[in-house]
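A short worksheet on the structure shown next.
The values are calculated or read from the model by the stated rules, or taken from the named source; none is laboratory data. These numbers were taken from a predicted model, which means no experiment stands behind them. Positions of Cβ are generated from backbone atoms using ideal geometry, with glycine treated the same way; all protein chains shown enter the neighbour counts. These accessible areas exclude ligands, DNA and RNA; they are computed on the full protein's heavy atoms, side chains included. Shrake-Rupley method; radii C 1.70, N 1.55, O 1.52, S 1.80 Å.
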Amino acid sequence: MNHTKDTLIIVLGSLIVIALAIWGFSFQDDLADGINSVANPVEIEKKWELPHELNEISGMDWLEPGKVICVQDEAGILFIYDLNENRISEEIEFAKSGDYEGITINKNDAYVLRSDGQLFEIKDFRSNKKINDTNIGFSAKDNMESLVFDHKNNYLLTMPKNVKSSAEFMAIYQIPLDSKKADKTPEIKIPFENKDLKTTKSQKLLKRFSPSDIAIHPKTGDYYILDGKNPKLLILDASGNLQKIRELDRNQFEQPEGITFSPDGTLFISNEAGKNKANILQVNLDN
């Protein structure tokens, strides 16, 4: 009996070791098939290294010629960064310290999203600065980081970063300006089992997606969704149909957290500091 028991233990142990080895190789293959092997890196046309005040830059939007407006995830301050002079040209305080992640502009008004779903509306942010805040209907467990103003439809759009493992899709939600409450019927659904993705690699990349910001192309109306955890871009057409997933080289995009377009369609992506300084990159996706 003891001999049989010993043999059974040895067999079970061997099976466990084999199973772990198979899982390990599979995990390595997934990594090799994903973020760590960017066969066609995007072209970086310009780079701005940011001062220490923006080490934690977490969101940005185009403001005016040569200037972007930014937030960082530790201070309730709007930072206006001058791309021509390579410096912060203005700081506007709007709230106490907090985890501020998304920012977008509509004319003279700024909107900032905190990770717990609290939306700050800063009316006339450069002059009278009237501030209202309300929760859009999400919480810290959703980890809200994405925010963009849809100028065509006159409302805000957002995406939860955290999605339940059982979820069948990611979603973009509309936030009307009058209620400041997210419509829980998604504006756009992005199924994880997506027929538009032709390769296994692309399907794996989609299932690992964690939205850190969103932007709308000013000319095409396409949606560009950024993943900062595993750097990549998800591109949808103006109707919400998935077009492509574009991987970003982690050596260039260490932790991409902000994305915006200039009016002519030039793409900018910001990165938090890590091994390298925080930066803003002007990016060409045409290669």
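Some points to look at:
- Residue match in the stretch 268-276 (condition: part of a strand (DSSP E or B), without any contact (Cβ under 8 Å) to a residue 40 or more places away in the chain and closer than 22 Å to Ile190 by Cβ): no
- Residue count for the stretch 52-76 under the criterion of being open to solvent by 40 Å² or more (accessible area, probe 1.4 Å) and more than 19 Å from the chain's Cα centre (by Cα): the result is 5.
- Total residues in the stretch 129-162, condition part of a loop (DSSP other than H, G, I, E, B), in contact with a strand residue (DSSP E or B) (Cβ under 6 Å, 6 or more places away or on another chain), of a type outside the set (Lys, Arg) and under 17 Å from Pro211 (Cα atoms): 5
- Subset of the stretch 168-194 (residues that are among the β-branched types (Val, Ile, Thr) and open to solvent by less than 40 Å² (accessible area, probe 1.4 Å)): Ile172, Ile175, Ile188, Ile190
- Asp286 vs. criteria acidic (Asp, Glu) and surrounded by fewer than 19 Cβ atoms within 10 Å (Cβ to Cβ): yes
- Set Gly98, Gly137: member being within 21 Å of Ile225 (Cβ to Cβ), out of contact with any Phe, Trp or Tyr (no Cβ under 8 Å at 6 or more places or on another chain), surrounded by 15 or more Cβ atoms within 10 Å (Cβ to Cβ) and small (Gly, Ala, Ser): Gly137
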